[in-house]
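These notes concern the structure reproduced below.
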Amino acid sequence: MKGLIQRVSHAKVEVEGEVVGAIDHGLLLLLGVEAVDDRASADKLLHKVLHYRVFGDEQGRMNLNVQQAGGGLLVVSQFTLVADTARGLRPSFSRGANPQQAEELYDYFVERARDLLPAVASGMFAADMQVSLSNDGPVTFLLES
């Protein structure tokens, strides 16, 4: 499982012109599910996302996680994160989970996140989404379980 986190001052996701998820200060997570992933992978990545220290403390050092900073989390499914781009000029998605498995794990991830963090929003799995954000920093990290 791969997650691209971006520290944001605000972010939202729209489907057909309607906002389906939005946060202010916090993390935007683009989430990719691989065929080898399971609930343990989701739990491991969620722990990393919630505890990764990317927010500034009183001295401006990245010492606070999203929970300590009082931020929200916007989770957006993005299967292209698991693409194999090592060869050629067209990505291969053979590492990706099948749609049913990916949706199951995406839903599980979002549910678990909501159990642990007060402000969690999400996109719509497999929808054509428009994601808007203001990357704060910019600060962006690729996390893997």
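The numbers here are math on the coordinates, done by the rules we state, and not lab data. These numbers were taken from a predicted model, which means no experiment stands behind them. Here the Cβ positions follow ideal geometry from the backbone for every residue, glycine too, while neighbour counts run over all protein chains shown.
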- Query: Among the residues of segment 82-126, how many are on the phi > 0 side of the Ramachandran plot and either more than 15 Å from the chain's Cα centre (by Cα) or not small (Gly, Ala, Ser) (or both)?
  - Reply: 1
- Quick count over segment 97-142, residues being of a type outside the set (Phe, Trp, Tyr), touching a Ser or Thr at 6+ places or on another chain (Cβ under 9 Å) and touching a residue at least 60 places away in the same chain (Cβ under 8 Å), is 12
- Message: Looking only at segment 48-60, filter to residues that are farther than 12 Å from His25 by Cα and outside any loop (DSSP other than H, G, I, E, B); which one of those is nearest to the chain's Cα centre (by Cα)?
- Response: Val49
- Give the residues of segment 50-94 that are exposed (fewer than 12 other Cβ atoms within 10 Å of the Cβ) and small (Gly, Ala, Ser), sorted by residue number. Gly60, Ala86, Gly88, Ser94
- Message: Being part of a loop (DSSP other than H, G, I, E, B) and within 17 Å of Leu105 (Cα to Cα) is the filter here; which residues of segment 61-82 pass it?
- Response: Gln78
- Exactly one condition in (1) surrounded by 12 or more Cβ atoms within 10 Å (Cβ to Cβ); (2) not in a helix (DSSP H, G or I) is not met by Pro118; state its number. (1)
- Task: Tell me which residues, restricted to segment 1-41, are of a type in the set (Val, Ile, Thr) and buried (at least 21 other Cβ atoms within 10 Å of the Cβ).
- Result: Ile5, Val8, Val13, Ile23, Val33
